[in-house]
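These notes concern the structure reproduced below.
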């Protein structure tokens, strides 16, 4: 289904995720955290997954990496194919470990994401010893090289230090060095700059971009910061209530937003452009209860353009053009008003 | 690091001095006189003792004499046993208590860490329920009951087999040590199991374990390198007091199993009001425990790098 299917004829993407659904058993009932997510990532490109807290962006990538505790978690459907090979629920691909070797991952809080009783160098060396069969000596020397690559000064000395002797930004650099140590084809960055100072954020993002250029890896960037998206992403997937509601190139999603939720996110973003008198417009209300997801569009109760059908039936994918789709009834041919008229009333698109 | 060790040792000396002082004044307020019991001591001996310890002097002077002897490592002469110095009693019998205690501590620590980690890994499944049930038993049943029950079990076992598989009491070979050490360490092991379980549960769900998984580290290596070492920190912290609990618990177990350890002399001395033996063994035990706590604290620094740089 989908525009993603259109692309299939041209080439197999590096990673294709289709119809991924994840549930969690809780005392309150079953939480349907991810309810059918599709996206693709191409070699050397950056896909940003954006959305508010609890929309399922982290669960999506963690389920791919096998990081969800099962039970209570459960992948109910879907597939994730790396170069055409299924990786979901699997640890190895062609005799090669997926985690660490094919896909590297960095996390939100570098302060707690590193082992406090192991030196930084040992932690970076660990995947090299496991996946590449390096001796401890070789792996440690390589770790020093990787720290240098991540622009940590005095890398040889730093490699012998422990996480508590590093600052937050330095730790995130070390995390990146660790995640790319085995030259993975994909780096997943789960809110990599959320816990860092703004100035450090920029440095970390620059570092990720430079390493991407050098190694040609793809990046899946999870964030709720649209500024980070604009700076880093080639493609954007906007998630809401466990579904991707809009997917397209960064320009399409920012300048030709197709889904009312994307529009709402943009309105809620502060700007420093003095020529624009822009008051922040929060999105009123809260996301739907994922214990009992609504039959229609999850955004319906908060959507200023909601129609009758939105409440009862879930919208189909509408392709505005190849590689840009939106799940919204406004794009249906029977919709009385066209999104473009509603969204861009008083400003040029 | 060395500065820290020296600082701790000096603090330890002050602690021991407090223990010595408290024991001294407590003993002097206990009614009775060891020299006035049935086994009457001759006037001459009495005079000698009085002269040596200044027993005819005011209490302040006695205290100073006591401290002076103590600082020279002289715990004095037993009031009730002929030709026995307290130092000799300690030298002969403390090694027995120490071996028993060390075995018990090793047993408690190894068992506690192992079972604690197991219960955490099998949380809310059968192994967890079984071990936690035994832990509750271990904590709530006093060691003398366990000691007697284990002797009963041994007797039954030995008579069923027909030979002595494990001796029921006494001292001498490694076989004599096993059961008393297990009984002695049981309560502490149960306590450490509970501690290790909660600490391990915290570590299992921690961010750095998730990171290790994302690196593709195999589960056995995650357990050994990432989980165990971090989860063990609280266990090391309480190991000092745990050693104290085991050594003091040793008095009872030594008595039940007829083991010629120091504990038995301590109990005897209290019954016979043997001043020097009571004070000597108390101060010695106190000093030993203070020293063990310092050793544990230094050990902690080797396991947790954050403690090292202070």
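For the ranges A:146-154, B:299-307, A:214-222, what's the packing order if you count other beta-carbon atoms within 10 Å of each residue, average per peptide, and put the highest first? All intermediate terms of the calculation are to be shown ahead of the outcome.
Details: A:146-154: 18.1, B:299-307: 15.4, A:214-222: 20.1.
Going from most to least packed, we get A:214-222, A:146-154, B:299-307.
Taking a ≥ b ≥ c as the square roots of the eigenvalues of the Cα gyration tensor, chain B is classed as oblate, since a/c reaches at least 1.5 and a/b does not exceed b/c.
What angle do you read, to the nearest 10 degrees and between 0 and 90, between the alpha-carbon axis of helix A:120-132 and the longest principal axis of chain A? Roughly 80 degrees, rounded to the nearest 10.
Is chain A rounded, prolate or oblate when judged by the Cα gyration tensor, a ≥ b ≥ c being the square roots of its eigenvalues, rounded requiring a/c under 1.5 and prolate requiring a/b larger than b/c? Don't skip to the end; give the middle numbers.
On the way: a/c = 1.97, a/b = 1.61, b/c = 1.22.
Taking the square roots of the gyration eigenvalues as a ≥ b ≥ c, chain A is prolate.
Summarising the label geometry, the points placed 7 Å from Cα in the beta-carbon direction at residue A:272 and residue A:157 lie 3.4 nm from one another.
Would you please put B:166-179, B:224-237, A:171-184 in order of how densely packed they are, using the mean number of other Cβ atoms within 10 angstrom per residue and starting with the highest?
Values: B:166-179: 14.8, B:224-237: 19.4, A:171-184: 25.5.
Averaged packing, sorted descending, gives the order A:171-184, B:224-237, B:166-179.
Dividing the mean sequence gap of close Cα pairs (under 8 Å, 6+ apart) by how many residues chain B holds gives a relative contact order of 29 percent. Using DSSP, restrict attention to beta bridges with both residues in the protein assembly as shown and report what percent are antiparallel, rounded to the nearest 5. The antiparallel fraction comes to roughly 65 percent. Legend: mean number of C-beta atoms from other chains within 10 angstrom of residue C-beta atoms, peptide A:79-87, equals 0.
Can you give the average number of partner chain beta-carbon atoms within 10 Å of each beta-carbon in peptide A:102-114, as a whole number? Each step should come with its number before you reach the end.
Working: counts 1, 2, 3, 5, 2, 5, 1, 1, 2, 1, 5, 8, 4.
Per residue, the number of nearby Cβ atoms from other chains is 3 on average.
Label sites at residue B:15 and residue A:19, each approximated as a point 7 angstrom past Cα along Cα to Cβ, lie 6.7 nm apart. Between residue B:67 and residue B:92, the modelled labels are 3.2 nm apart [label points 7 Å from Cα along Cα→Cβ].
For the range A:89-236, what does the alpha-carbon gyration tensor say about shape, rounded, prolate or oblate, given a ≥ b ≥ c as the root eigenvalues, a/c under 1.5 as rounded, and a/b over b/c as prolate? List each step's numbers first, then the result.
Working: a/c = 1.76, a/b = 1.16, b/c = 1.52.
Taking the square roots of the gyration eigenvalues as a ≥ b ≥ c, the range A:89-236 is oblate.
In chain A, the calculated helix contribution to ellipticity at 222 nm averages -8500 deg cm²/dmol per residue, counting -39,500 (n - 2.57) for every DSSP H run with n ≥ 4.
Here residue A:194 and residue A:76 are evaluated by their C-beta separation; at R0 = 22 Å the FRET efficiency comes out at 0.15. GNM remark for chain B: springs join alpha carbons under 10 Å apart, and the peak mean-square fluctuation among B:293, B:165, B:16 falls on B:165.
Note down the relative contact order for chain A as a percent, whole number, built from C-alpha pairs under 8 angstrom at least six residues apart.
Numbers: 658 pairs, mean separation 67.3, N = 349.
Relative CO of chain A lands at 19 percent.
For the residues B:23, B:164, B:282, a GNM of chain B with alpha-carbon springs under 10 Å puts the largest fluctuation on B:164. Take each residue in B:216-229, count the other chain C-beta atoms within 10 Å of its C-beta, and the mean is 4.
The residue B:139 and residue B:221 beta-carbon pair, evaluated with R₀ = 41 Å, returns a calculated FRET efficiency of approximately 0.80. Helical runs (DSSP H, four residues minimum) scored at -39500 (n - 2.57) apiece and divided by the length of chain B put the mean residue ellipticity at 222 nm at -25000 deg cm²/dmol.
Under a Gaussian network description of chain A, with springs only between Cα atoms under 10 Å, the residue in A:242, A:73, A:89 that fluctuates furthest is A:89. Between the helical axis of A:198-215 and the dominant principal axis of chain A, each derived from Cα atoms, what acute angle in degrees is found, rounded to the nearest 10? Roughly 80 degrees between the two axes. Within the range B:186-219, whose backbone N sits under 19 Å from a point 7 Å along Cα→Cβ of residue B:248? Under 19 Å, as judged by backbone N against the label point of residue B:248, lie B:186-192 of the range B:186-219. Compared with the dominant principal axis of the Cα atoms in chain A, helix A:168-179 is inclined by about 80°. For the range A:85-179, averaging the sequence separation of C-alpha pairs within contact (under 8 Å, six or more residues apart) and dividing by the residue count gives a relative contact order of 34 percent.
Laboratory data are not the source of any read-out in this text; all were calculated from the coordinates shown. Please read all numbers here as calculations on a predicted model, not as lab measurements. Every residue, glycine as well, gets a Cβ built from its backbone with ideal geometry; the counts of neighbours run over all protein chains shown.
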